[in-house]
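Step one of this worksheet: look at the structure below.
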Amino acid sequence: MTIKTDLIDWPAKLDLALLPTPLQRLDRLSAKLGGPTIWIKRDDLSGSLLSGNKVRKLEFTVAHAKAEGSEVLITCGGLQSNHCRATAVVGAQLGMPVHLVLRGTLDEANNAELDGNLLLDHLAGAKVDYYAREDYQKNLKNILDRVKEDYRLNVQKAHIIPTGASDGIGLWGYVAACKELAENFRSNQLSPDLIVTATGSGGTQAGLTLGAKLYDFGCEVLGFAVCDDNAYFKRKVTADITEFKVRYSHRFNDALASTDQDVFAEALMAIHTNDHYIGDGYAIASDDVLESIIMLSRLEGIVLDPVYTGKAFHGLIQEIQQGRFDHLKNIVFVHTGGGFGLFPYKDRLQKLMT
Ligand SMILES: *Cc1c(COP(=O)(O)O)cnc(C)c1O
């Protein structure tokens, strides 16, 4: 390896997540599918209420917000956003007010009651504003700016965290996760052939794609889209990595001094997404996806979620069953959390299990 990764000049970070998370080999699942050996990176164990991938990004994003003197966190997402829930809980843990701008109104939700992540948003004391779907989609930037301006008029500096904390700052979260994975791989004497993640706002995929180059994993990172298409993710992941490079490439001067390898350019050429398993749209899970969730729960005692990990995992097993990965020995699936999103699906799950 020519990149001296121990010389990376890391930015400020808060210790919020329970790390490192375990890497586990799924023997029963691998035997059942008869394809490559499947490993799972348990980022669903990164915390209790903070569970999932968002807390890794928030460690850097919120450190950045605090360093610039912000006292309030504003962010946005769907009604069952894991990112909004993680931000609400982080805010409560740090004593920072959190203001959430959510897409959808309560009567648009599966049921008119608080459930899953939305219940936790309220428990954690976040201020929650609901916007009708169209209004949100058309005017999100204006809405966020207006909320921020209201705090400013009240002499409070607020920081807007973008959807999923997916930008050049949040990207550090999965660069750091790759440092951890490098250690997981070493201790398991594992050289993976493919790393798989669900991809939604693209930041996890972006961080893994860049981190895989920095830490020389020598394998592809593949995002299974849960919304939007391959062209969208190519643009979004490119934008996040490019913003990261502009902001932080000086922090890699020492690490890259002894090589003329351009890791940023290599990462930009290695953006791979599969958009065949989105189904009917974001946060709409088919019975097939729910069946895969039930199957893995029973086979390995690991629970996935209907919006992200269940869809990505369902896509992965379809691809394995179609023989697309027959040439691979080891696949690492990153379990990005989301379990609270199961609860609004309880009625459909109950029907499938009886
Ligand atoms: C947000 C989320 C993802 C997708 O991560 P992005 O960085 O937004 O692409 C995957 N899984 C879960 C459970 C999530 O909450």
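Throughout, read-outs are computed from the coordinates displayed, never taken from laboratory work. What you see is a predicted model, and the numbers here were worked out from it, not measured in a lab. Glycine gets a Cβ as well: all are built from the backbone with ideal geometry, and neighbour counts include every protein chain shown.
For the reader, a short list of remarks on this structure follows.
- Sub-7 Å Cβ pairs linking a first residue in the range 179-201 that is away from the ligand (no atom under 16 Å from the Cβ) to a second residue that is of a type in the set (Asp, Glu), at least 6 apart or interchain, are Leu194/Glu220, ordered by first then second residue.
- Restricting attention to the range 202-217 and to residues that are farther than 27 Å from Gly279 by Cβ and within 16 Å of the ligand (Cβ to nearest atom), the residue that is surrounded by the fewest Cβ atoms within 10 Å (Cβ to Cβ) turns out to be Ala212.
- Residues of the range 154-173 that are of a type in the set (A, V, I, L, M), away from the ligand (no atom under 16 Å from the Cβ) and over 16 Å from Leu140 (Cβ atoms): Val155 alone.
- Qualifying residue in the range 107-119 (condition: in contact with a strand residue (DSSP E or B) (Cβ under 7 Å, 6 or more places away or on another chain) and either surrounded by 14 or more Cβ atoms within 10 Å (Cβ to Cβ) or part of a helix (DSSP H, G or I) (or both)): no
- Taking the listed residues Thr2, Thr61, Thr75, the one that is farther than 20 Å from Leu190 by Cβ, touching a Ser or Thr at 6+ places or on another chain (Cβ under 7 Å) and within 13 Å of the ligand (Cβ to nearest atom) is Thr75, with no other qualifying.
- Any hit, the range 22-32, residues being over 18 Å from Thr204 (Cβ atoms) and in contact with a Pro (Cβ under 8 Å, 6 or more places away or on another chain): yes
- Filter pass, Ala31 being of a type in the set (A, V, I, L, M), out of contact with any helix residue (DSSP H, G or I) (no Cβ under 9 Å at 6 or more places or on another chain) and within 27 Å of Asp254 (Cβ to Cβ): no
- Set Ala88, Ala17: member being assigned to a helix (DSSP H, G or I), in contact with an Asp or Glu (Cβ under 7 Å, 6 or more places away or on another chain), crowded, with 23+ Cβ neighbours inside 10 Å and at negative phi: Ala88
- Residue count, the range 218-236 (criterion: among the aromatic types (Phe, Trp, Tyr) and either more than 11 Å from the ligand (Cβ to nearest atom) or free of Cβ contacts under 8 Å to residues at least 12 places away in the same chain (or both)): 1
- Contacts under 7 angstrom Cβ, first residue in the range 314-342 being within 13 Å of the ligand (Cβ to nearest atom), partner in a strand (DSSP E or B) and charged (D, E, K, R), 6 or more apart: Val334/Lys41; His335/Lys41; His335/Arg42
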